[in-house]
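What follows is one structure encoded as structure tokens, with my remarks underneath.
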Amino acid sequence: MALASGGAENVESRINALEAQIAELKAMLAATQSQTDANAKTLQTTQVQASETANGLETAVATLDSMKGKLSNTEFDYGGFIQLDSITTTYQEGKPGNRLIDDFLVASLIPVSGPGAQTDSYTNTNIHNKTSRVFFKTKTPTDAGTISSHVEMDFMLSGAGDERISNSWNPRLRHAFVKWDYEPGKSVLAGQTWSTFFNVGALPGVLDFVGPVGTLFNRQPMIRWTNGNYQLALENPATRLNSLTGTRLDDAEAMPDIVVRYNGGDGSHSYSLAGVMRTLQYEDRSNLALEGQNDKAMGWGLSLAGKVVTEGKNNLKYMLNYGSALGRYLGLNAFNDGYLNAQGDIETIDQTALTLAYEHYWTPEWRSVFSASVASADNPSMADYAAAGGLAKQYQSFHANLQYLPAPGLMLGGELLFASKELEDGRDGDVNRLQLSVKYAF
């Protein structure tokens, strides 16, 4: 019996062991199945990600192909110039209150002594590179026409930097526009560039950054439409008025400046005739919430400008400007648009300017530019405007230079400048200047 009992127990033990092994195999099978399912899901996810990646790569390749096609049709251009100016100036009526005039002639900043005051002349030398500039252009032909762009900067009028250590000056925006030539001779321009009222081709080639006191000179944002020889533009407005409490610059205008222009000429003579219509407006908002004293008036201007080639490359440039409230368009805001009378109404001021310049090539490497200019304003009387005596009445300027052109793009030159400013009450001030410049255009 003992043997039988032992044999039974041994069989039962083996059965239990087999059951345990079967249970373990089941557990292993279940784990294997779970891992297989997980691997299947991972594989599926990987396949989806691979598909998305493939789609993304196809999109990227298509985008690159598109960009490559566009870039292959786009013309890129860059350029500018490096210029060093050494300017020695004598101000006959004392030191100017604004050093901007040390960099280039700003007629309105010519010092004039106070009534009955005695002043000593002031001389300084200013050496700077601020007129240096750089531009970047693109031009792309499309089915809708040619689209071009232009961005340009220089370093004038910088509010940052000084002359003590590094002479670091901030860049400023000169031009930034896009132009769409949708048909031959027809285009739309949007952005900032030279005012349509200003014929840049009539600006004399003097060494001074701007030049004659009677020239138009203005860059501003606009939308310009060109159709052959005709141009129409809507340009940014700004009103600047004299008042008994000081000069005020307002942005209360609701209408842009409207400019129309015609460009004409033949082989030896090119010219432009332009007109501008302005809505002048101011509004006193010393209390920002409430409307104060305000008024609106119309201003206008006409300009005839051109260039006549006399012999070889010798040429004569001219510019005649006249209008009521030419203001900031003329001579770097040589005169304001008008004044506020005792009732707070805007009264515009008539202004006239003439510039003549002759460019003569002595040899292919040597040339000179001679320029004479005058600008005047028909100011109100003291009875009409109590502060009329302090308003600028007339400016004059004369430039004469000699330039040496030893290699393409390289210029070394010297220039003499004489300029004057006269106020309505008879006070005046003079400026004498010697400028030496080195310029390389690239």
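The values are calculated or read from the model by the stated rules, or taken from the named source; none is laboratory data. Predicted model, so just to flag it, every value in this text is computed and none were measured. All Cβ positions, glycine included, derive from the backbone under ideal geometry; neighbour counts span all protein chains shown. These accessible areas exclude ligands, DNA and RNA; they are computed on the full protein's heavy atoms, side chains included. Shrake-Rupley method; radii C 1.70, N 1.55, O 1.52, S 1.80 Å.
Put a plus charge on the Cβ of each Lys and Arg, a minus charge on the Cβ of each Asp and Glu, and nothing anywhere else: the dipole of the chain about its Cα centre is then about 900 debye. Taking a straight line from the alpha carbon of Lys439, these lysines sit under 22 Å away, with near neighbours fewer than eight places off in the same chain left out: Lys130, Lys137, Lys313. Based on Cα contacts under 8 Å between residues 6+ apart, the chain shows a relative contact order of 13 percent. Secondary structure note: in region 224-347, about 95% of the DSSP beta bridges are antiparallel. Note on the chain: helix-only mean residue ellipticity at 222 nm, from DSSP H runs of 4+ residues weighted -39500 (n - 2.57) and normalised by residue number, equals -6500 deg cm²/dmol. Look at (1) 278; (2) 305; (3) 159: the one that is volume of the Cα convex hull per residue in Å³ derived from this structure is (2).
Remark: the Thr123-Thr138 segment gains 0.9 nm on full extension, using 0.36 nm per residue and subtracting the alpha carbon distance. The slack in the chain from Val260 to Tyr361, taken as 0.36 nm per residue of separation less the alpha-carbon distance, amounts to 32.9 nm. Positive end of the charge dipole of region 224-343 (Lys, Arg +1 and Asp, Glu -1 on Cβ, about the Cα centre): tell me which of Gly267, Ala254, Tyr339 has its Cα farthest that way. The residue sitting most towards the positive pole is Gly267. Evaluating 6.51 cos²θ - 1.76 cosθ + 1.60 at θ = phi - 60° for every residue in region 426-442, the Karplus couplings come out as x, 5, 8, x, 10, 10, 10, 9, 10, 10, 10, 9, 10, 9, 10, 8, 10 Hz, glycine and proline recorded as x.
Seen through its C-alpha gyration tensor, with square-root eigenvalues sorted a ≥ b ≥ c, region 92-151 comes out prolate because a/c lies at 1.5 or above while a/b is bigger than b/c.
Comparing Gln343, Gln394, Gln293 in a Gaussian network model of the chain where C-alpha atoms under 10 Å apart are linked, the largest mean-square fluctuation is found at Gln343. Ordering Thr74, Ser158, Phe104 by the projection of their Cα atoms onto the charge dipole of region 67-168, which places +1 on the Cβ of Lys and Arg and -1 on the Cβ of Asp and Glu, puts Thr74 at the extreme positive end. Roughly how many Å is it from the Cα centre of region 253-305 to that of region 82-100, as a whole number? That distance is 31 Å. Qualifying trypsin sites (Lys or Arg not before Pro) in region 94-195, where qualification requires a DSSP coil assignment and no more than 16 other C-beta atoms within 10 Å, comprise Arg99, Arg164.
Net charge around Trp225, counting only other residues with Cβ within less than 13 Å of its Cβ (Lys, Arg = +1; Asp, Glu = -1)? Within the 13 Å Cβ shell, the charges total +1. By the rule of a C-alpha distance below 18 Å, with chain neighbours fewer than 8 residues away ignored, the lysines paired with Lys421 are Lys95, Lys393. Pop out the carbon and sulfur fraction of the accessible area of the chain as a percent, whole number, probe 1.4 Å. Looking at the chain in its full context, I get 58 percent from C and S. Rolling a 1.4 Å sphere over the protein heavy atoms, what is the accessible area per residue of the chain, to the nearest Å²? On a per-residue basis, 54 Å².
Relative to the dominant Cα principal axis of the chain, helix 2-73 is inclined by about 20°.
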